[in-house]
Amino acid sequence: MSAQKQDQAFGDKPEEVRDTDHYLEEYNEGFVDKWDDLIDWDSRSASEGDFFIQLLKERGCKTVLDAACGTGFHSVRLIEAGFDVVSADGSPEMLAKAFENGRKRGHVLRTAHADWRWLNRDINGRYDAVICLGNSFTHLFNERDRRKTLAEFYSALKHDGVLILDQRNYDAILDHGYSSKHTYYYCGDNISVYPEHVDQGLARFRYGFPDDSVYHLNMFPLRKDYVRRLMTEVGFQKIETFGDFKETYRESEPDFFIHLAEKQ
Ligand code: SAM
């Protein structure tokens, strides 16, 4: 792994990089090549089981916009479960990898290059569901971008559509420090994931791989109730929050929260 590939343009003061647009530098070719080692498709499928498939089926969803498709994990799972999926992402590197991963599994993904803030400029139609998974919404660094994104998700949905959006349990990290059993999302072997810096405006995570390559993501530490409030304020009528794929959980226990926001 060359130093060039690891360069994510954080500069001399990485903790000062708190910019929504910077995800494009962070998901460079090197990190995108490593992403599937990090998420490990087989163990991730085993951990989450049919959780999202069931949520979508129970609500009669057929068309799904995977708004943060990354390398295509959920797009492929949902296509294989019979859903009609469009795979969008703001990173061209991620979209290329998702397409390649789809081809390897015998699918031709319908991809769309779209930044969430201008989503409806770049995608067509209305969907039964929009999904934004894998702790993606955390890349938005200011409230205007979060509101704009949720409003774009809302308008990409049919009148009775649902948004499924997940996030790390930052409340626990901010209030009690980091602890993760790495069971649910980041399942790859021999990969270390931990926050190098946390304050109220930044969670900077370090991802170390067995070949000694190291990447970082700078993310905004979203509090759970804040996200629920924003969803309500843009117009979602009912919001249900699960902890690590369960309906009941103790507040500090889950690694991840999953919000299901219904439009009607
Ligand atoms: N959903 C995938 C998964 O679970 O493996 C990828 C998750 S990755 C943490 C976050 C994804 O969100 C990246 O693919 C990134 O390019 C995308 N992303 C971040 N900010 C974005 C934005 N403003 N518009 C569109 N995509 C964005």
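The values are calculated or read from the model by the stated rules, or taken from the named source; none is laboratory data. Please read all numbers here as calculations on a predicted model, not as lab measurements. Cβ atoms come from the backbone with ideal geometry, glycine included; neighbour counts cover every protein chain shown.
Across region 57-73, the qualifying residues are those that are within 16 Å of the ligand (Cβ to nearest atom) and in contact (Cβ under 8 Å) with a residue 60 or more places away in the chain, and the one among them that is nearest to the chain's Cα centre (by Cα) is Ala68.
I'm told Phe83 meets every condition in (1) aromatic (Phe, Trp, Tyr); (2) within 12 Å of the ligand (Cβ to nearest atom); (3) over 18 Å from the mean Cα position of the chain (by Cα) except one. Can you identify the failing condition by its number? That leaves (2) as the condition not met. All conditions but one from (1) surrounded by fewer than 18 Cβ atoms within 10 Å (Cβ to Cβ); (2) touching a residue at least 24 places away in the same chain (Cβ under 8 Å); (3) not charged (D, E, K, R) apply to Phe256; the one that does not is (1). Of all residues in region 142-163, those satisfying the criterion of being touching a strand residue (DSSP E or B) at 6+ places or on another chain (Cβ under 9 Å), more than 10 Å from the ligand (Cβ to nearest atom) and either within 12 Å of Leu119 (Cα to Cα) or not β-branched (Val, Ile, Thr) (or both) are Leu150, Phe153, Tyr154, Ala156, Leu157, Lys158, Asp160, Gly161, Leu163.
For the condition in a strand (DSSP E or B), modelled with pLDDT of 95 or more, near the ligand (Cβ under 10 Å from one of its atoms) and of a type outside the set (Val, Ile, Thr), Ala129 does not qualify. Residues in region 200-211 that are modelled with pLDDT of 95 or more and either touching a His at 6+ places or on another chain (Cβ under 9 Å) or charged (D, E, K, R) (or both) were compared, and the one that is nearest to Gln167 (Cα to Cα) is Ala203.
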